[in-house]
Each structure stands twice: as structure tokens, then as C-alpha cells.
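For reference, the structure is listed below as C-alpha cells.
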């Protein structure tokens, strides 16, 4: 569960960083987690992340939706500049992520994922209700990767529901 929470936190950070990278801006900051602080610096197509005293530099490249290896509802639209992969310079770990918007209600999208992922080996569904709002939390482990899908109410006029997808492979 700790790895899943870390993946979710990193995916949120990743999607935010991708928007910054897409704008060509430089940025630095901290994200506080229950297991410590994650520091990051974004410069060009490089993201430097420091966590638990270890610093890793990632190179960012755009990828296709299919590269994520996760089903995406047909009416979902990708958030511009949010779909990319980060490859660790030393570790070889690859983080991929994207954000999508859909006009469907959150519960409809959660049910869609439950149906699409039914029978998938390594699936954990920890969907819950937070602050009275349904949140879909799915994790699929296997083949040397962990994929997370977070479905939640959108905080934007782009759609009713936001879908955040993050994948890590090759991490130790």
C-alpha cells in the first residue's frame, strides 16, 4: 500500500510538472508526504527529484496514450501537455503519466474501470469516498510495472471527471 500511495503522490507531482515542462518554464519546489519531503527542480526536459536523500535526474519525452498501457474511456480527452514519460538517468526507471477529462459522472467512470479491469491479474481496487465524493483508486501490478488510475471529480470546467494515470517500471 505504501508503494501505491507513493506512486499516486508522484503521479500527481508528475502531471503538474508536465504542464510546467510543456510551458518551457523553470520551477523548483517541495511536496510533503507522510514519508518525508520530495524536492524537485524542472529545467528544460530534465526533472531532478530528491527523496530520502537520493537525487535522480529524469529526462522527459512525450508518449502516446497507448504507451500508458491502460484503457481510457472513448470520450476522455487528454489534458494538453500532460502525457509524457520520465526516464531515470541512473536507475533506468521509467515514470509515465497523463491526465484526462471526461463529461461523464465520476461513478460512471469508476464503474467503467471496474468493468474494463475485471479479471486483470494483479488488480487492486481501493476505491473509496473522500469528503462525500466517490474516488476510484486502481492499481495493477505485473510484468515489472505498477500502473495507477485515479478517477475523481474535476476541479475544472473541462469536464465532470478527471482521470490521472501513472505507470512506473524498472524501479527498485
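For the stretch 1-19, the criterion of a residue being within 16 Å of the chain's Cα centre (by Cα) and at pLDDT 60 or above is satisfied by no position. Selection of the stretch 99-119 for residues being under 19 Å from residue 142 (Cβ atoms) and either touching a residue at least 40 places away in the same chain (Cβ under 8 Å) or surrounded by 14 or more Cβ atoms within 10 Å (Cβ to Cβ) (or both) yields 113, 114, 116, 117.
Of the residues making up the stretch 72-98, those that are touching a helix residue (DSSP H, G or I) at 6+ places or on another chain (Cβ under 9 Å), in a loop (DSSP other than H, G, I, E, B) and buried (at least 16 other Cβ atoms within 10 Å of the Cβ) number 7. Residues that are assigned to a strand (DSSP E or B) and surrounded by fewer than 16 Cβ atoms within 10 Å (Cβ to Cβ) within the stretch 58-69 comprise 59, 61, 62, listed in sequence order.
The values are calculated or read from the model by the stated rules, or taken from the named source; none is laboratory data. On a predicted model such as this, the values are computed, not experimentally measured, just so you know. Here the Cβ is made from the backbone with ideal geometry for all residues, glycine too, and neighbour counts use every protein chain on show.
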